[in-house]
1. Can you tell me how many residues within the range 165-183 are surrounded by fewer than 16 Cβ atoms within 10 Å (Cβ to Cβ) and either of a type in the set (Gly, Ala, Ser) or within 16 Å of Ser291 (Cβ to Cβ) (or both)?
2. Hey, does the range 167-179 have a residue that's closer than 30 Å to Pro327 by Cα and of a type outside the set (Val, Ile, Thr)?
3. With the range 56-175 as the region, which helices (runs of 4 or more DSSP H) entirely inside it contain at least 1 residues that are more than 30 Å from Ile361 (Cβ to Cβ)?
4. How do the pairs read when you match residues in the range 39-52 that are in contact (Cβ under 8 Å) with a residue 40 or more places away in the chain with residues anywhere that are of a type in the set (Phe, Trp, Tyr), using Cβ under 8 Å and keeping only pairs 6 or more apart or on different chains?
5. Which is within 28 Å of Leu200 (Cβ to Cβ), exposed (fewer than 12 other Cβ atoms within 10 Å of the Cβ) and modelled with pLDDT of 85 or more, of Pro400, Pro394?
6. Considering only the range 83-129, how many residues are buried (at least 22 other Cβ atoms within 10 Å of the Cβ) and of a type in the set (S, T, N, Q)?
7. Is there any pair with a first residue in the range 177-189 that is closer than 12 Å to Ala34 by Cβ and a second that is modelled with pLDDT of 85 or more and of a type in the set (D, E, K, R) whose Cβ atoms are under 6 Å apart and which are 6 or more apart or on different chains, and what are they?
8. Could you check how many residues of the range 54-80 are in contact with a Phe, Trp or Tyr (Cβ under 7 Å, 6 or more places away or on another chain), within 12 Å of Leu370 (Cβ to Cβ) and of a type outside the set (Asp, Glu)?
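The values are calculated or read from the model by the stated rules, or taken from the named source; none is laboratory data. All values reported here derive from a predicted model rather than from experimental measurement. Neighbour counts run over all protein chains shown; Cβ positions are idealised from the backbone, glycine included.
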Amino acid sequence: MPELRKDLTTFDGIALLIGITIGSGIYSTPYLIAGYFGSYSEVMITWFVVAAFVMMGGLIYAELGTRIPTTGGEYSYISRAYGPFAGFLFGWAQLFIIRTSPAAGLAIIASDYIGFFVPLEGWYHTSVALGIIALLGVFNYVGVKWSALFQRVTTVMKVGGLLLFSALFLVLLGDSPSQLGSSAPPLKDVGFLTNLIPALMLIVFTHTGFDRVGYVAGEMKNPRKVIPKSMIIGLVLIILIYVSMITIYHYVMGMEALRATTTPAASVASMMLGPMGASVIALLAIISAVSSINGTMLSSSRVYYAMARDGIFFKSFDFIHPRFRTPTRAIIAHCFWGGVILVVRGSFENIAAGMIFAILIFYTMTTLALFKFRRENVGEEPQNDVEGGIFKVPFYPVLPIVYLMGVVGLLVFRVIFEWEKSMIDLAFVLTGLPVSWFWFRHKKTSGKRKEEEGNASNV
């Protein structure tokens, strides 16, 4: 049976992390976040707090990835820690809402920005979005080298463009009056925590992606070296880019003007460089969205394959194409369901709203798994040292405990202050419960039947 090709390097890991993480968030969420605060300083303090927690999460996932350096990422960690039932529920949530939703939502954003150049309305807009998902599916289908190459190219373009944008505007800002000191009351006077929770959810959404590097560990040349380097270098670059972009938005527009635009990067470019600058930013937004879709597709399809390989998901997904050496059926399923979500839910806001709460639930589970693996010395067998030692989270157990408290606290506060939305998000995840019950019952029945037939044939 063909196996996954081990072609991915540290550069690919960094490109994957950055490519997934920097999607449309930095282009679409800052104006929403500004509405929950009164000043730039309040916004930046919140961004830095989230960035610190994301870096802690990256360190935790780096250790998990080196302890269990196999394809599947979080699925492998959760299954090893809690058993196949929890692993199935995680994989179901990935396919049903968490990882296919970004493909649908970002395809809509990319189609929106394509409409900046070519007017798109109605089904033309939807067809272009579906076409983006299909085209990226082809790249992933024909080989990990092609999808990884696409990820490299688009990530270099995306990061290079954002760095150039930041550098150019930092130079130009010297001749512009600073709006960093501007202030305005929050758009809704509903209390500090009630404003803080949705803002935190939006900032976390903008940073999601670091957790998916381990999904393709089975295709890395040396995952125990690639994963930690990819996590640390990739996250530092992302934080620097985000801080620069947010600062530029507030410097040029201030609180009130930022709240008034849904495209802050294009608005800044238009104000300082004219229509041509806005066009360049629109192109960057398209590249960012498409790169993120590709990175998610490349990583998440391996989860479905890993589950099928372990016998707890559709058996047809346990298939490696003999020529392309990729999990082609899992890729097709990811593209198909992403298209269904796109057509059924329709808007980026509706699609994105349901994923963060579910992601935080599994961040909690994987962090608890780290404590279990430390106690049981998982992955520390001497024979594994050939590929390098295990990366370990510094200042253990303090950093993982702080991170866990932050994630659980955000979950609890979200349930308290936005309980209706939280229950809807939780319902999406829990749809996997009856499916898993049927699946494992069917598997157990099939196993007994085969055992009885085997005993009968031996009589």
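1. Of the residues in that region, 6 qualify.
2. Within the range 167-179, not a single residue is closer than 30 Å to Pro327 by Cα and of a type outside the set (Val, Ile, Thr).
3. Answer list for the range 56-175: 100-114, 122-141, 144-172.
4. From the range 39-52, the pairs are Val43/Phe37; Thr46/Phe37; Trp47/Tyr242; Ala51/Tyr242.
5. Sole residue among the options that is within 28 Å of Leu200 (Cβ to Cβ), exposed (fewer than 12 other Cβ atoms within 10 Å of the Cβ) and modelled with pLDDT of 85 or more: Pro394.
6. Selection size over the range 83-129: 4.
7. From residues that are closer than 12 Å to Ala34 by Cβ, the pairs are Ala184/Glu256.
8. Residues in the range 54-80 being in contact with a Phe, Trp or Tyr (Cβ under 7 Å, 6 or more places away or on another chain), within 12 Å of Leu370 (Cβ to Cβ) and of a type outside the set (Asp, Glu): 10 in total.
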